[in-house]
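These notes are about the structure you will find just below.
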Amino acid sequence: MAEITITEADQRRNEAQILDVREDFEVAEGMIPGAIHIPMGELKARLAELDPKVPVIAICRSGNRSARVADALNGAGFTADTMDGGMIAWTRAGLPTT
């Protein structure tokens, strides 16, 4: 698993699946446009919602949960990275949210 910057994540948004693993109450504060929301605790049951042929960028609030998710996805045959700093860094940089 690679830890990528918010700039790299922004550049790769259109060619990767952005997976937001935060809880519902966290996502209510805003998500990256086009992101797929699957809370970390639901990932195993909802794995079929992700395309294993398309790279995944896992996102959470600060980067801790998404790193664990990216490791698990890589172990399940996906190509997954985590975004350093999470949504805190994304929002601070003024990048778009919905």
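Rounded to the nearest 10 degrees, the inclination of helix 64-75 to the longest alpha-carbon principal axis of the chain is 30 degrees. Under the convention that each Lys and Arg Cβ holds +1 and each Asp and Glu Cβ holds -1, the size of the dipole of the chain around its Cα centre is about 80 debye. A Gaussian network model of the chain, with springs between Cα atoms under 10 Å, assigns the largest mean-square fluctuation among 48, 35, 72 to 48. Rounded to the nearest Hz, the phi-derived 3J(HN,Hα) couplings of region 90-98 under the Karplus curve 6.51 cos²θ - 1.76 cosθ + 1.60 (θ = phi - 60°) are 4, 5, 4, 7, x, 6, x, 9, 10, where x marks glycine and proline. Taking the accessible area of the chain, probe 1.4 Å, and keeping the other protein chains in place, the carbon and sulfur fraction comes to 49%. Among rounded, prolate and oblate, which fits region 5-48 when a ≥ b ≥ c are the square roots of the eigenvalues of its C-alpha gyration tensor, a/c under 1.5 means rounded, and a/b larger than b/c means prolate? Here region 5-48 falls in the oblate category. With a Förster radius of 22 Å applied to the beta-carbon distance between residue 74 and residue 11, the computed FRET efficiency rounds to 0.60. Residues in the chain average 53 Å² of solvent-accessible surface per residue, probe 1.4 Å, ligands and nucleic acids excluded. With r defined as the distance between the Cβ atoms of residue 48 and residue 24 and R0 fixed at 30 Å, what FRET efficiency is calculated, to the nearest 0.05? That pair, residue 48 with residue 24, gives E of 0.90.
The candidate values are (1) 35, 33, 19; (2) 37, 27, 25; (3) 33, 26, 21; the one derived from this structure for Cα extents along the principal axes in Å carries the label (3).
The values are calculated or read from the model by the stated rules, or taken from the named source; none is laboratory data. Only a predicted model underlies this, so the values are computations on that prediction, with no experimental measurement involved. Cβ coordinates were reconstructed from backbone atoms using ideal geometry, including for glycine residues, and neighbour counts include every protein chain displayed. We work out accessible area using only protein heavy atoms, side chains counted, and drop any ligands, DNA or RNA first. Shrake-Rupley method; radii C 1.70, N 1.55, O 1.52, S 1.80 Å.
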